[in-house]
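The values are calculated or read from the model by the stated rules, or taken from the named source; none is laboratory data. Owing to the predicted nature of the structure, the values given are computational and were not obtained by experimental measurement. Counting neighbours? That spans all protein chains shown, and the Cβs are built from the backbone with ideal geometry, glycine included.
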Amino acid sequence: MKFPPPDYDGSKRMPDSNRLEREIEEILGKIEQFPDAQARRKRTRGRFAQQITTAISERQRAMARQLSRTSMSQIMLASFLLILGSLFFRAAAPVVMAWLLYAGMALFVTSFAFMVFSGRGSSAARQQQQLWRGRPINANPRGSLAQRVRGWWTTRSRR
C-alpha cells in the first residue's frame, strides 16, 4: 500500500472536484424540473386516497380471516339460534322478528346446502393427512373401493 509523500498538500484533486461540480450542476438542473403547486396537491390527494384504500383493504382482509375461522356447522348453529330467538321474541317486535326469521331460514338453508354439496363437511369431520418425513402416508395403497372399481371399469372399457 502506498502512502502519500510527506509534502502532499492535496492540490492534485482535480478529478474529484470536477466530479463534484458535475454532480452539483446535475442537482441544480433537476431543481428546475420540480412539480408545480398544483401537481404537488394532486400527488398529496393521491397519497391520501391510497392510504384510505389500503386501510379499507386491510379491514376486509381481517374480516375475511375472522370469517374463515368459522365452520359451516357454527353458521348452521347460529342460524338455528336466530330462528329460535325470532320465534320466542316475536311479541316484542313482530316486524323485526319476522325478518330475522326469514334471514335465519335463508342462512340455515344455504349453510345446509354448502355442508351437503361441498363434500368437505365440517373441519372436525375432515381427516387430517398424515405425513412421514414430509411425504403423505397412504393407508390403503391400492385405493378405495370406488377407485378400484373405476380403474377396473376403465381398463375393461378400453378393450
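Residues of region 47-74 that are hydroxyl-bearing (Ser, Thr, Tyr), within 22 Å of Ala113 (Cα to Cα) and within 14 Å of the chain's Cα centre (by Cα): Ser68 alone.
For Ala125, the conditions (1) modelled with pLDDT of 70 or more; (2) surrounded by 10 or more Cβ atoms within 10 Å (Cβ to Cβ) are fulfilled apart from (1).
Among all positions in region 72-83, there is at least one residue which is touching a Leu at 6+ places or on another chain (Cβ under 8 Å) and not hydrophobic (A, V, I, L, M, F, W, C).
Apart from one condition, Phe34 fits all of (1) modelled with pLDDT of 80 or more; (2) more than 30 Å from Phe117 (Cβ to Cβ); the exception is (1).
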